[in-house]
Amino acid sequence: MMDLPVRRLRADAVLPSQAYAGDAGLDLAACEGVTLEPQSAQRIMTAVQGSVESFAKRGLLPVFLVGAGVRRHLRQLIGHYMPQVAVLSHNEIPDGVNIQSLGIIRWNDDS
């Protein structure tokens, strides 16, 4: 099994896992929809940049694991300034990948 270090965007985001040994794939869990207010964009960019630096200090390429409904929006927000960041949703993780959470990105006091 391959390891994939990621950071979640929400504390309640559940990492995909196998329900039973021998399952062919991973079981997914969904969070509620995320609403992004325009004034949050800079806080998110700052938090993502700090996390990217944390990955770099470990010698890792940055990968962020998000819900499918958030993936495109986050990619659009950060893609121009941080094209090296991979933004994946749960359904893009192939079988045989062991996901290692390196933490959660926090961009406001409510997280």
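On the basis of being of a type in the set (A, V, I, L, M, F, W, C) and closer than 23 Å to residue 17 by Cα, does residue 99 make the cut? So residue 99 passes the test. On the stretch given as region 68-103, residues that are closer than 16 Å to residue 53 by Cβ and within 12 Å of the chain's Cα centre (by Cα) total 4. Residues in region 86-100 that are of a type in the set (Val, Ile, Thr) and in a strand (DSSP E or B) were compared, and the one that is surrounded by the fewest Cβ atoms within 10 Å (Cβ to Cβ) is 97. Residue pairs whose Cβ atoms lie under 8 Å apart, separated by 6 or more positions or on different chains, with the first residue in region 1-27 and among the charged types (D, E, K, R) and the second at pLDDT below 75, are 10/31; 10/34; 10/111; 12/31; 27/17; 27/18; 27/19.
Considering region 56-74, and only residues there that are assigned to a helix (DSSP H, G or I) and modelled with pLDDT of 90 or more, the residue that is surrounded by the fewest Cβ atoms within 10 Å (Cβ to Cβ) turns out to be 57. Among the conditions (1) surrounded by 15 or more Cβ atoms within 10 Å (Cβ to Cβ); (2) more than 14 Å from the chain's Cα centre (by Cα); (3) among the charged types (D, E, K, R), residue 106 misses just one, which is (2).
The values are calculated or read from the model by the stated rules, or taken from the named source; none is laboratory data. Keep in mind that what you see is a predicted model, and the values were worked out from it rather than measured. All Cβ positions, glycine included, derive from the backbone under ideal geometry; neighbour counts span all protein chains shown.
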